[in-house]
1. Among the residues of the stretch 308-324, write down those that are in a helix (DSSP H, G or I) and within 16 Å of the ligand (Cβ to nearest atom).
2. Going through the stretch 125-159 one residue at a time, which ones are within 13 Å of the ligand (Cβ to nearest atom), in contact (Cβ under 8 Å) with a residue 60 or more places away in the chain and either touching a Phe, Trp or Tyr at 6+ places or on another chain (Cβ under 6 Å) or at positive phi (or both)?
3. Show the residue pairs that are 6+ apart or on different chains and have beta-carbon atoms under 6 Å apart, the first residue being within the stretch 351-379 and part of a helix (DSSP H, G or I), the second being of a type in the set (Lys, Arg).
4. Only one of ARG306, ARG329 is under 16 Å from the mean Cα position of the chain (by Cα) and not aromatic (Phe, Trp, Tyr). Can you tell me which?
Amino acid sequence: MQLELTEHQRLTKDAARKFAAQHLAPFAAGWDKKEEFPAQALQKLGEAGFLAMLVPEDEGGTGAGAVAYALAIMELAEGCPATTVTMSVTNMVADVISRFGTPEQKQRYLPKFADGSFLCASFSLSEPGAGSDAAGLKARADQDGDDYVLNGEKAWVSHGEEASLYLIMAQVDQGGGKLKPTAFLVERGAKGLSVGRREEKMGLRASHTCGLVLDGLRVPKTAILGGEGNGLKVALTALDGGRIGVGAQAIGIARAALQASLKYAKDRQTFGKAIGEFQAIQWKLANMATELDAATLLVLRAAEMREKKQPCTKEAAMAKLFATDAAYRVCNEAVQIHGGYGYIGEFPVERHFRDVRVTQIYEGANEIQRIVIARAVLS
Ligand code: COS
């Protein structure tokens, strides 16, 4: 068993760390406050190849692999997790185009993820009435000659306002009323696709989340990704990778909270000494550091399996479940260590606590991860 990073993985991690320090961390609080989408930083991320890390080089990507990708997300999320929401969803869409796309689809789209021509891509599975029940979609795609016409409403779409490309799941009637989710690639500006309400969120406020309205959205048959009726397979394959990314993101947020807590524990004086000299605080810091290391190992195990193309549905679910729950506990303790100062915007842990909360919810609520894990261990 080898726990060492390769040279390439170490270099990617270092590059991401530098990028975060220079282009993300100094601006993250301001973007959050103004709910400002970090478009320029994303443009730079794209030009540096961070949006096509899971696409092989011969398809126009950087071929960095899932481990380097997870390491990069951890570093970048320590600087600005809202930016990594867009980064991870965009990589996830590129990844499934690479896995399921026709040669024409790959040629048309994949190089644009790597050269900065695509700012970002959206993944649109959920609807106002269907999130955990991925097969229970209401949006319809009705065949009309060589085209499909999509109608319905989608929800919780990250950067739906800014995306250059959308992966949209809708039900196709395969005869006799048998509905099967199907994945469609839809380009920005398509007639019949409009952006719905932007949500007002607790955290990750620089990452805009909105609804999409599909109103007579006509797309050619060639827009289907992975074949008619295979949308659930496409979406759940994407989400296996997405869950590793969310685990990594949660770790990045919690590492920032731990760093802030370590600094505060050394600076803050009470009863004549730094609070870090009290065992009550030391035990919290020890637990936080230990949980984060355990979470990191689980995320990297799942990433390594994904990179080797081994089945990793259970391991990705475990990584997401443990990392996001641990990260929540770490951020919660960070607020506690800061006392009243943890509850106000002057110190960063207030933002980290708000940001981390959704990682237990999106890309499959942690209750869903437990279902996935339980099915695997029982089978
Ligand atoms: N990768 C690829 N395919 C998968 C898969 C995976 N990880 N998991 C399941 N599938 C396939 C199955 O093989 C099955 O295919 P067929 O219909 O061809 O047999 C299909 O998907 C349905 O699988 P299953 O019967 O297990 O689905 P269930 O309805 O029982 O539900 C859960 C499975 C609940 C686990 C699934 O719906 C899920 O993960 N839901 C959460 C979705 C989610 O993350 N939503 C958030 C949206 S993104 S913000």
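1. The answer is THR313, LYS314, GLU315, ALA316, ALA317, MET318, ALA319, LYS320, LEU321, ALA323, THR324.
2. TRP156, HIS159
3. Filtered contacts from the stretch 351-379: GLN369/LYS320; ILE373/LYS314; ALA376/LYS314.
4. Of ARG306, ARG329, the one residue that is under 16 Å from the mean Cα position of the chain (by Cα) and not aromatic (Phe, Trp, Tyr) is ARG306.
Bear in mind these aren't lab numbers, they're just calculated from the coordinates by the rules spelled out. The structure displayed is predicted, hence computed values, not measured ones. Quick reminder, even Gly has a Cβ in these numbers, built from the backbone with ideal geometry, and neighbours come from all protein chains shown.
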